[in-house]
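Written below as structure tokens is the structure these notes are about.
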Amino acid sequence: MDMFDATADGEETIPPSALPSSRKSALHEATHSEIPPTIKIDGFTILNWRDFRQDLSNFAPNYHLAKDLPHELQDHINHMSEWTRSLPDMRIVFRAAIQENTASDEPDAPPIQVENYIDDEPAPPWEFHYSNQMWHGEGVPPPDIKSLVSCDCIGRCDPRSKTCACVRRQQEAFEDPNADFAYDNKGRLKELGYPIFECNDLCGCDDDCRNRVVQHGRTSAISIRKTANKGWGVFTDQKKIYKGTFIGIYAGEIITDEAGEERGFNYDKLGKTYLFDIDFHHLRKDHKDWASKYTVDAYHAGNNHSCDPNCTLNPCYINEGNIDKPLLTVFARRDIEPGEELCFSYSGDPDDDESMDASGDTGGQKNDAVYTKCYCGAKNCKGRLFD
């Protein structure tokens, strides 16, 4: 029998026998002895928050497998005639599919609109599955709960706390003992380019803690819109998005580096550019021979490229203790005006001398389709998507 048993909805749960006897971090252990004894009233056990947290530590979070990535709707529609797929009502179906896929993880997010002022195409190609989840490919381990660090704060975490484990973790990332959380009091990222360590499900703080931003989902209104030269893109709605605002997760399949290279050769020929090696600076700064272990394939959820991007990707850790497996989170690199297209650079952050490799380092040839002409329209446009 396999060690991992798949549930009916495509998620996997690690059985208790596979868990370590204790998954408390070193920063965690001292405080657990202070948990008060179980309280009973009229024979009924009163479950307090700390007891609940301690019980959670005996179970692993659910996670998604790439082999279970839904495709039935896409297959069904792609088997329809071209005339049927071009009907205006297909836009309603597409929008409803997005709402269904995100109802559980960002229920309060503004609805995503689908717009086309260029031609009569009702929706993006039906190879697109909108998701905020990371779908684990073959050979990619489940979330590491043994190494997960959590705080024991009561109420909201105090960014000036000397004992909050999450504050200390962020200080280590900033390499500044006087720093605090990555976010300001408006939930905006203070410094771009640094890893983010949010409070997680095992932390004692409240759900409205200042250090919980990405996990609450998108707050900005966006639309998927057809462009004249670049296919479908993502645009802001009627309100400005301020610098440092969380916009979304660059979600998709997380696969091994070897699988990423194999896909990269094929995608280069087709002009696909959605492979991102997870090789942020903080992962390799102390290791001369370090090599990336994982790649995110966002074939079904890509944004358009710009040589002068207004968005940037930041690594973010929530319920994952494996430093090599951050979420790729999209933040505003500058103030973004209403109606502006959301873009980032496929070649990495232009301000980062050691930027992340966006092409998967496939070694493709310059005549491959991936090296197509760039239509970003920026004043500093390099002419091609990759140099």
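The values are calculated or read from the model by the stated rules, or taken from the named source; none is laboratory data. Since the model is a prediction, treat every value here as computed from it, not as a measurement. So basically every Cβ, Gly included, is an ideal-geometry build from the backbone, and we count neighbours across all protein chains shown.
Within the range 159-185, being in contact (Cβ under 8 Å) with a residue 24 or more places away in the chain and farther than 17 Å from Val149 by Cβ holds for Tyr183, Asp184, Asn185. Somewhere in the range 181-193, is a residue more than 18 Å from the chain's Cα centre (by Cα) and among the small types (Gly, Ala, Ser)? No, the range 181-193 contains no residue that is more than 18 Å from the chain's Cα centre (by Cα) and among the small types (Gly, Ala, Ser). When residues in the range 41-61 are screened for being crowded, with 16+ Cβ neighbours inside 10 Å and assigned to a loop (DSSP other than H, G, I, E, B), 3 of them pass. Among the residues of the range 79-90, is any in contact (Cβ under 8 Å) with a residue 60 or more places away in the chain and buried (at least 17 other Cβ atoms within 10 Å of the Cβ)? Scanning the range 79-90, I find no residue that is in contact (Cβ under 8 Å) with a residue 60 or more places away in the chain and buried (at least 17 other Cβ atoms within 10 Å of the Cβ), so the answer is no.
Between Arg210, Arg168, which is among the charged types (D, E, K, R), in contact with a helix residue (DSSP H, G or I) (Cβ under 8 Å, 6 or more places away or on another chain) and over 30 Å from Asp120 (Cβ atoms)?
Answer to the selection: Arg168.
Can you name the residue in the range 236-273 that is aromatic (Phe, Trp, Tyr) and surrounded by 21 or more Cβ atoms within 10 Å (Cβ to Cβ) and is also farthest from Pro309 (Cα to Cα) among such residues?
Keep residues of the range 236-273 that are aromatic (Phe, Trp, Tyr), which gives 242, 246, 250, 265, 267.
Imposing the further condition that a residue be surrounded by 21 or more Cβ atoms within 10 Å (Cβ to Cβ) reduces the set to 246, 250, 267.
Numbers: Phe246: 15, Tyr250: 15, Tyr267: 23 Å.
Checked the range 236-273; the qualifying residue farthest from Pro309 (Cα to Cα) is Tyr267.
So which residues in the range 78-121 are part of a loop (DSSP other than H, G, I, E, B), over 19 Å from Gly233 (Cβ atoms) and of a type outside the set (S, T, N, Q)? If you could, list the steps in order and put the result at the bottom.
Going residue by residue through the range 78-121, those that are part of a loop (DSSP other than H, G, I, E, B) are 79-81, 86-89, 103-112, 116-121.
Pick out the ones that are also over 19 Å from Gly233 (Cβ atoms) and you get 79-81, 86-89, 103-108.
His79, Met80, Leu87, Pro88, Asp89, Ala103, Asp105, Glu106, Pro107, Asp108, listed by residue number.
Working only within the range 313-323, note down all residues that are in contact with a strand residue (DSSP E or B) (Cβ under 6 Å, 6 or more places away or on another chain) and more than 17 Å from Ser150 (Cβ to Cβ). Selection gives Leu313, Asn314.
Within the range 117-138, residues that are farther than 30 Å from Ile318 by Cβ sit with their Cβ atoms under 6 Å from residues that are in a strand (DSSP E or B), at 6+ positions apart or across chains, in these pairs: Ile118/Lys226; Ala123/Val114.
The residue pairs whose first member lies in the range 304-321 and is crowded, with 23+ Cβ neighbours inside 10 Å and in a loop (DSSP other than H, G, I, E, B), whose second member is of a type outside the set (Phe, Trp, Tyr) and at pLDDT 95 or above, and whose beta carbons are closer than 7 Å, counting only pairs six or more residues apart or on different chains, are Pro309/Arg333. Sub-6 Å Cβ pairs linking a first residue in the range 224-247 that is farther than 12 Å from Gly339 by Cα to a second residue that is of a type in the set (A, V, I, L, M) and not in a loop (DSSP other than H, G, I, E, B), at least 6 apart or interchain, are Trp232/Ile224; Lys243/Ala332; Gly244/Leu189; Thr245/Ala332; Phe246/Val214; Ile247/Val330, ordered by first then second residue.
Taking the range 233-281 as the range and being hydrophobic (A, V, I, L, M, F, W, C), modelled with pLDDT under 90 and over 26 Å from Gly193 (Cβ atoms) as the test, the residues that pass are Phe265, Leu270. Quick check: is even one residue across the range 151-165 in a helix (DSSP H, G or I) and either among the polar types (S, T, N, Q) or touching a His at 6+ places or on another chain (Cβ under 8 Å) (or both)? Yes: the range 151-165 contains one or more residues that are in a helix (DSSP H, G or I) and either among the polar types (S, T, N, Q) or touching a His at 6+ places or on another chain (Cβ under 8 Å) (or both). Scanning the range 133-147 finds one or more residues that are farther than 25 Å from Tyr250 by Cα and of a type outside the set (Gly, Ala, Ser).
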